[in-house]
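**Student:** Following this message is one structure expressed as C-alpha coordinates.
The values are calculated or read from the model by the stated rules, or taken from the named source; none is laboratory data. All values reported here derive from a predicted model rather than from experimental measurement. Reconstructed Cβ throughout: ideal geometry from the backbone, glycine too, with neighbour counts over all protein chains shown. Just the protein is used for accessible areas: all its heavy atoms, side chains included, with ligands, DNA and RNA removed. Shrake-Rupley method; radii C 1.70, N 1.55, O 1.52, S 1.80 Å.
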Amino acid sequence: MLRVLTSALRLPRPWSPLQTRSCVSHRPTGDPEIQVRALTGRDQGITEILMNRPSARNALGNVLVSELLEALAQLREDQQVRVLLFRSGVKGVFCAGADLKEREQMSEAEVEIFVQRLRGLMNEIAAFPAPTIAAMDGFALGGGLELALACDLRVAASSAVMGLIETTRGLLPGAGGTQRLPRCLGVALAKELIFTGRRLSGAQAHALGLVNHAVSQNEEGNAAYHRARELAQEILPQAPIAVRLGKVAIDRGMEVDIESGMAIEGLCYAQVRDCCQSAHTSRQRPG
(Lines give C-alpha, C1' and ligand atoms only; values in the text may rest on other atoms or scores of the structure.)
Protein backbone atom coordinates (compact mmCIF):
# COMPACT_ATOMS: atom_id res chain seq x y z
CA MET A 1 0.00 0.00 0.00
CA LEU A 2 2.78 2.41 0.85
CA ARG A 3 4.38 1.86 -2.56
CA VAL A 4 1.06 2.74 -4.21
CA LEU A 5 0.70 5.86 -2.08
CA THR A 6 4.27 6.92 -2.75
CA SER A 7 3.69 6.66 -6.48
CA ALA A 8 0.41 8.54 -6.26
CA LEU A 9 1.91 11.35 -4.19
CA ARG A 10 5.11 11.81 -6.16
CA LEU A 11 5.60 15.37 -7.26
CA PRO A 12 4.92 16.03 -10.97
CA ARG A 13 7.74 16.53 -13.42
CA PRO A 14 9.38 19.97 -13.38
CA TRP A 15 7.05 22.63 -14.68
CA SER A 16 7.80 25.04 -17.48
CA PRO A 17 6.12 28.45 -17.56
CA LEU A 18 3.53 29.16 -20.20
CA GLN A 19 4.80 31.15 -23.13
CA THR A 20 1.56 33.11 -23.21
CA ARG A 21 -1.31 33.88 -20.90
CA SER A 22 -3.73 34.98 -23.58
CA CYS A 23 -7.44 34.30 -23.69
CA VAL A 24 -8.40 30.73 -24.47
CA SER A 25 -11.18 29.79 -26.88
CA HIS A 26 -12.46 26.85 -28.88
CA ARG A 27 -14.62 29.12 -31.00
CA PRO A 28 -13.85 29.49 -34.70
CA THR A 29 -15.01 33.09 -34.39
CA GLY A 30 -16.19 35.44 -31.69
CA ASP A 31 -14.84 36.49 -28.31
CA PRO A 32 -13.61 33.94 -25.81
CA GLU A 33 -15.78 33.29 -22.77
CA ILE A 34 -12.89 33.33 -20.30
CA GLN A 35 -9.76 35.36 -19.81
CA VAL A 36 -6.62 34.10 -18.08
CA ARG A 37 -4.45 36.73 -16.44
CA ALA A 38 -1.22 36.41 -14.44
CA LEU A 39 -1.01 39.25 -11.93
CA THR A 40 2.19 41.20 -11.35
CA GLY A 41 3.84 43.25 -8.62
CA ARG A 42 2.89 42.22 -5.10
CA ASP A 43 0.31 39.85 -6.65
CA GLN A 44 2.88 37.97 -8.71
CA GLY A 45 2.08 34.29 -8.41
CA ILE A 46 -1.69 34.84 -8.51
CA THR A 47 -3.40 33.81 -11.73
CA GLU A 48 -7.01 34.69 -12.45
CA ILE A 49 -9.56 32.91 -14.59
CA LEU A 50 -12.26 35.44 -15.40
CA MET A 51 -15.55 34.05 -16.73
CA ASN A 52 -17.15 36.52 -19.12
CA ARG A 53 -20.32 35.28 -20.77
CA PRO A 54 -22.76 38.11 -20.04
CA SER A 55 -25.45 36.95 -22.46
CA ALA A 56 -25.99 33.80 -20.39
CA ARG A 57 -24.92 34.99 -16.92
CA ASN A 58 -21.81 32.80 -17.16
CA ALA A 59 -23.94 29.67 -17.60
CA LEU A 60 -21.78 26.62 -18.22
CA GLY A 61 -22.23 25.71 -21.87
CA ASN A 62 -20.00 23.64 -24.12
CA VAL A 63 -17.73 26.52 -25.12
CA LEU A 64 -17.21 27.82 -21.59
CA VAL A 65 -16.54 24.31 -20.28
CA SER A 66 -14.05 23.64 -23.09
CA GLU A 67 -12.22 26.89 -22.45
CA LEU A 68 -12.00 26.23 -18.72
CA LEU A 69 -10.66 22.71 -19.31
CA GLU A 70 -8.04 24.00 -21.75
CA ALA A 71 -6.93 26.75 -19.38
CA LEU A 72 -6.61 24.33 -16.47
CA ALA A 73 -4.59 21.88 -18.56
CA GLN A 74 -2.10 24.63 -19.40
CA LEU A 75 -1.95 26.25 -15.99
CA ARG A 76 -1.37 23.06 -14.03
CA GLU A 77 2.02 22.76 -15.76
CA ASP A 78 3.08 26.30 -14.89
CA GLN A 79 5.29 26.61 -11.81
CA GLN A 80 4.62 30.33 -11.62
CA VAL A 81 0.98 29.72 -10.64
CA ARG A 82 1.00 29.84 -6.83
CA VAL A 83 -2.73 30.56 -6.39
CA LEU A 84 -5.52 30.23 -8.96
CA LEU A 85 -8.48 32.56 -8.52
CA PHE A 86 -11.87 32.12 -10.26
CA ARG A 87 -13.91 35.28 -10.70
CA SER A 88 -16.62 36.75 -12.89
CA GLY A 89 -16.52 39.59 -15.37
CA VAL A 90 -20.32 39.84 -15.28
CA LYS A 91 -21.61 42.12 -12.54
CA GLY A 92 -24.03 40.53 -10.11
CA VAL A 93 -23.31 36.93 -11.03
CA PHE A 94 -20.56 34.39 -10.42
CA CYS A 95 -22.04 31.55 -12.46
CA ALA A 96 -25.72 30.81 -13.07
CA GLY A 97 -25.16 27.06 -13.42
CA ALA A 98 -25.41 24.76 -16.39
CA ASP A 99 -26.79 26.25 -19.60
CA LEU A 100 -30.24 24.65 -19.66
CA LYS A 101 -31.26 26.42 -22.88
CA GLU A 102 -28.27 24.88 -24.63
CA ARG A 103 -29.05 21.52 -23.05
CA GLU A 104 -32.60 21.59 -24.44
CA GLN A 105 -31.14 21.46 -27.94
CA MET A 106 -29.11 18.31 -27.18
CA SER A 107 -30.03 14.67 -27.67
CA GLU A 108 -30.05 12.38 -24.64
CA ALA A 109 -26.63 11.04 -25.66
CA GLU A 110 -25.25 14.57 -26.00
CA VAL A 111 -26.64 15.54 -22.60
CA GLU A 112 -24.90 12.56 -21.00
CA ILE A 113 -21.59 13.51 -22.63
CA PHE A 114 -21.99 17.13 -21.53
CA VAL A 115 -22.73 16.18 -17.92
CA GLN A 116 -19.67 13.91 -17.89
CA ARG A 117 -17.52 16.79 -19.19
CA LEU A 118 -19.02 19.13 -16.58
CA ARG A 119 -18.22 16.62 -13.85
CA GLY A 120 -14.74 16.24 -15.28
CA LEU A 121 -14.26 20.03 -15.14
CA MET A 122 -15.09 20.11 -11.45
CA ASN A 123 -12.69 17.22 -10.82
CA GLU A 124 -9.93 19.09 -12.66
CA ILE A 125 -10.51 22.18 -10.53
CA ALA A 126 -10.46 20.09 -7.36
CA ALA A 127 -7.26 18.34 -8.43
CA PHE A 128 -5.44 21.52 -9.46
CA PRO A 129 -2.03 21.36 -7.73
CA ALA A 130 -2.01 24.94 -6.38
CA PRO A 131 -4.63 26.41 -4.03
CA THR A 132 -7.80 27.62 -5.76
CA ILE A 133 -10.15 30.37 -4.59
CA ALA A 134 -13.65 31.21 -5.83
CA ALA A 135 -14.61 34.90 -5.61
CA MET A 136 -18.41 34.88 -5.54
CA ASP A 137 -19.68 38.40 -6.09
CA GLY A 138 -23.18 37.41 -7.17
CA PHE A 139 -25.43 34.48 -8.02
CA ALA A 140 -23.80 31.04 -7.80
CA LEU A 141 -26.54 28.52 -8.47
CA GLY A 142 -26.48 24.84 -9.37
CA GLY A 143 -23.32 24.19 -11.36
CA GLY A 144 -22.03 27.61 -10.35
CA LEU A 145 -21.98 26.58 -6.70
CA GLU A 146 -20.56 23.18 -7.68
CA LEU A 147 -17.67 25.02 -9.36
CA ALA A 148 -17.08 27.00 -6.16
CA LEU A 149 -17.28 23.82 -4.07
CA ALA A 150 -14.55 22.30 -6.25
CA CYS A 151 -12.25 25.16 -5.19
CA ASP A 152 -10.21 24.96 -2.00
CA LEU A 153 -11.46 28.28 -0.61
CA ARG A 154 -14.54 30.41 -1.19
CA VAL A 155 -15.11 34.12 -0.60
CA ALA A 156 -18.55 35.66 -1.10
CA ALA A 157 -20.19 39.03 -0.97
CA SER A 158 -22.73 39.05 1.86
CA SER A 159 -25.42 39.80 -0.73
CA ALA A 160 -24.42 36.95 -3.05
CA VAL A 161 -27.00 34.22 -3.59
CA MET A 162 -26.02 30.55 -3.82
CA GLY A 163 -27.63 27.15 -3.71
CA LEU A 164 -27.90 23.71 -5.26
CA ILE A 165 -31.35 24.35 -6.74
CA GLU A 166 -31.54 21.38 -9.11
CA THR A 167 -34.39 19.67 -7.23
CA THR A 168 -36.60 22.70 -7.95
CA ARG A 169 -36.16 21.87 -11.64
CA GLY A 170 -36.71 18.15 -11.47
CA LEU A 171 -33.00 17.33 -11.40
CA LEU A 172 -30.31 16.67 -8.84
CA PRO A 173 -26.78 18.06 -8.61
CA GLY A 174 -24.74 16.15 -11.17
CA ALA A 175 -21.32 17.82 -11.13
CA GLY A 176 -20.14 16.90 -7.66
CA GLY A 177 -22.63 18.74 -5.49
CA THR A 178 -24.01 15.65 -3.76
CA GLN A 179 -20.45 14.67 -2.81
CA ARG A 180 -18.67 17.93 -2.07
CA LEU A 181 -21.43 19.69 -0.13
CA PRO A 182 -21.67 16.91 2.53
CA ARG A 183 -17.90 16.94 2.87
CA CYS A 184 -18.05 20.68 3.41
CA LEU A 185 -21.07 20.99 5.71
CA GLY A 186 -21.86 17.49 6.97
CA VAL A 187 -24.43 15.01 5.70
CA ALA A 188 -27.60 16.22 7.43
CA LEU A 189 -27.21 19.88 6.50
CA ALA A 190 -26.22 19.05 2.92
CA LYS A 191 -29.30 16.86 2.57
CA GLU A 192 -31.51 19.66 3.88
CA LEU A 193 -30.10 22.18 1.40
CA ILE A 194 -30.27 19.79 -1.56
CA PHE A 195 -33.74 18.38 -0.71
CA THR A 196 -35.21 21.88 -0.35
CA GLY A 197 -33.24 23.59 -3.11
CA ARG A 198 -32.78 26.45 -0.65
CA ARG A 199 -30.92 29.59 -1.64
CA LEU A 200 -28.51 31.17 0.82
CA SER A 201 -27.07 34.65 1.02
CA GLY A 202 -23.33 35.02 1.34
CA ALA A 203 -23.79 35.93 5.00
CA GLN A 204 -25.87 32.81 5.64
CA ALA A 205 -23.37 30.66 3.77
CA HIS A 206 -20.57 32.02 5.94
CA ALA A 207 -22.50 31.27 9.13
CA LEU A 208 -22.87 27.64 7.98
CA GLY A 209 -19.21 27.34 6.95
CA LEU A 210 -19.94 27.05 3.25
CA VAL A 211 -17.70 30.03 2.48
CA ASN A 212 -14.51 31.08 4.26
CA HIS A 213 -15.28 34.80 4.23
CA ALA A 214 -18.28 37.02 3.54
CA VAL A 215 -17.81 40.74 2.89
CA SER A 216 -20.13 43.67 2.32
CA GLN A 217 -20.56 44.41 -1.36
CA ASN A 218 -19.09 47.63 -2.77
CA GLU A 219 -20.36 49.97 -5.50
CA GLU A 220 -18.23 48.26 -8.13
CA GLY A 221 -19.72 44.87 -7.25
CA ASN A 222 -16.35 43.16 -6.75
CA ALA A 223 -15.82 43.12 -2.97
CA ALA A 224 -15.46 39.33 -2.84
CA TYR A 225 -12.83 39.47 -5.55
CA HIS A 226 -10.75 41.98 -3.58
CA ARG A 227 -11.04 39.89 -0.41
CA ALA A 228 -10.06 36.78 -2.38
CA ARG A 229 -6.94 38.58 -3.62
CA GLU A 230 -6.05 39.51 -0.06
CA LEU A 231 -6.43 35.87 0.93
CA ALA A 232 -4.24 34.81 -1.98
CA GLN A 233 -1.61 37.33 -0.89
CA GLU A 234 -1.44 35.57 2.49
CA ILE A 235 -0.61 32.31 0.71
CA LEU A 236 2.05 33.72 -1.62
CA PRO A 237 4.90 34.07 0.93
CA GLN A 238 4.60 30.44 2.05
CA ALA A 239 6.78 27.65 0.66
CA PRO A 240 5.06 26.58 -2.57
CA ILE A 241 5.93 22.88 -2.41
CA ALA A 242 4.81 22.71 1.23
CA VAL A 243 1.51 24.38 0.32
CA ARG A 244 0.91 22.04 -2.62
CA LEU A 245 1.72 18.92 -0.65
CA GLY A 246 -0.34 20.20 2.26
CA LYS A 247 -3.26 20.29 -0.15
CA VAL A 248 -2.51 16.73 -1.26
CA ALA A 249 -2.30 15.50 2.34
CA ILE A 250 -5.64 17.07 3.27
CA ASP A 251 -7.53 16.05 0.13
CA ARG A 252 -6.25 12.48 0.02
CA GLY A 253 -6.47 12.08 3.78
CA MET A 254 -10.14 13.10 3.89
CA GLU A 255 -11.04 10.13 1.69
CA VAL A 256 -9.52 7.42 3.91
CA ASP A 257 -9.43 6.29 7.55
CA ILE A 258 -7.25 8.19 10.03
CA GLU A 259 -4.45 5.59 9.99
CA SER A 260 -4.15 5.76 6.20
CA GLY A 261 -4.42 9.53 6.40
CA MET A 262 -1.47 9.66 8.77
CA ALA A 263 0.53 7.55 6.32
CA ILE A 264 -0.33 9.98 3.53
CA GLU A 265 0.73 12.91 5.70
CA GLY A 266 4.03 11.16 6.43
CA LEU A 267 4.74 10.64 2.75
CA CYS A 268 3.95 14.26 1.95
CA TYR A 269 6.10 15.44 4.85
CA ALA A 270 8.99 13.29 3.58
CA GLN A 271 8.71 14.82 0.12
CA VAL A 272 8.79 18.34 1.52
CA ARG A 273 11.82 17.44 3.66
CA ASP A 274 13.62 15.88 0.66
CA CYS A 275 12.95 18.95 -1.45
CA CYS A 276 14.30 21.23 1.30
CA GLN A 277 17.41 19.09 1.68
CA SER A 278 18.00 19.05 -2.06
CA ALA A 279 17.67 22.83 -2.23
CA HIS A 280 20.07 23.23 0.71
CA THR A 281 22.58 20.90 -0.91
CA SER A 282 22.39 22.82 -4.17
CA ARG A 283 23.11 26.08 -2.37
CA GLN A 284 26.14 24.53 -0.67
CA ARG A 285 27.76 23.35 -3.90
CA PRO A 286 30.48 25.60 -5.32
CA GLY A 287 29.40 27.51 -8.37
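**Student:** Before rounding to the nearest 500, sum -39500 (n - 2.57) across all DSSP H runs of length at least 4 in the chain and divide by the residue total; then give [θ] at 222 nm in deg cm²/dmol.
**Tutor:** Helix contribution divided over all residues of the chain: -14500 deg cm²/dmol.
**Student:** Could you compute the net charge surrounding residue 129? Neighbours are other residues with a C-beta less than 9 Å from the C-beta of residue 129; K and R count +1, D and E count -1.
**Tutor:** Result for the neighbourhood of residue 129: +3.
**Student:** Taking 0.36 nm per residue of sequence separation and subtracting the Cα-Cα distance, how much length would be gained by fully extending the chain between residue 183 and residue 100, in nm to one decimal?
**Tutor:** Extra length from residue 183 to residue 100 when fully extended: 27.2 nm.
**Student:** Tally Lys and Arg at +1 and Asp and Glu at -1 over the other residues with C-beta under 12 Å from the C-beta of residue 220: what net charge comes out?
**Tutor:** -1
**Student:** Report, to the nearest whole %, how much of the accessible area of the chain belongs to carbon and sulfur atoms, 1.4 Å probe, protein only.
**Tutor:** That fraction is 54 percent.
**Student:** Also, quick follow-up: If the cut-off is 20 Å between C-alpha atoms, which aspartates and glutamates fall inside it for residue 191, apart from same-chain ones fewer than 8 positions away?
**Tutor:** Within the straight-line limit of under 20 Å, residue 191 reaches these aspartates and glutamates: 146, 166, 255.
**Student:** Let me ask something else about it. Sort the following peptides by mean Cβ neighbour count (other Cβ atoms within 10 Å, averaged over residues), highest first: 61-68, 36-43, 121-128.
**Tutor:** Ranking, from highest mean packing down: 61-68, 121-128, 36-43.
**Student:** At 0.36 nm per residue, minus the direct Cα-Cα distance, what do residue 37 and residue 116 gain on full extension? Give it in nm, one decimal, please.
**Tutor:** Stretched fully, the residue 37-residue 116 segment lengthens by 25.7 nm.
**Student:** Same structure, new question: Out of 207, 223, 140, any idea which swings most in a Gaussian network model of the chain, alpha carbons joined below 10 Å?
**Tutor:** Evaluated over the chain, the most mobile residue of the options is 207.
**Student:** What ranking, highest mean first, results for peptides 167-175, 100-108 when packing means the other Cβ atoms within 10 Å averaged over each residue?
**Tutor:** 167-175, 100-108
**Student:** Next question. What is the gain in length, in nm to one decimal, between residue 269 and residue 254 on full extension, counting 0.36 nm per residue of separation less the C-alpha to C-alpha distance?
**Tutor:** Net length gain for the segment: 3.8 nm.
**Student:** Under a cut-off of 27 Å between alpha-carbon atoms, report the lysines in cross-link reach of residue 91, not counting same-chain residues fewer than 8 places apart.
**Tutor:** 101
**Student:** Further, regarding this structure: Expressed as a whole number of Å, what is the distance separating the alpha-carbon centroids of the stretch 120-157 and the stretch 36-100?
**Tutor:** So the separation of the two Cα centres works out to 10 Å.
**Student:** Using label points projected 7 Å from each Cα along Cα→Cβ, tell me how many nm separate residue 172 and residue 107, to one decimal.
**Tutor:** Calculated label separation equals 2.7 nm.
**Student:** Send over a whole-number figure in Å² for the accessible area per residue of the stretch 34-236, probe 1.4 Å.
**Tutor:** 42
**Student:** Here is a follow-up. Divide the volume of the convex hull of the Cα atoms of the stretch 140-190 by its number of residues and quote the answer in cubic angstrom per residue.
**Tutor:** Considering the Cα atoms of the stretch 140-190, their hull volume per residue is 81 Å³.
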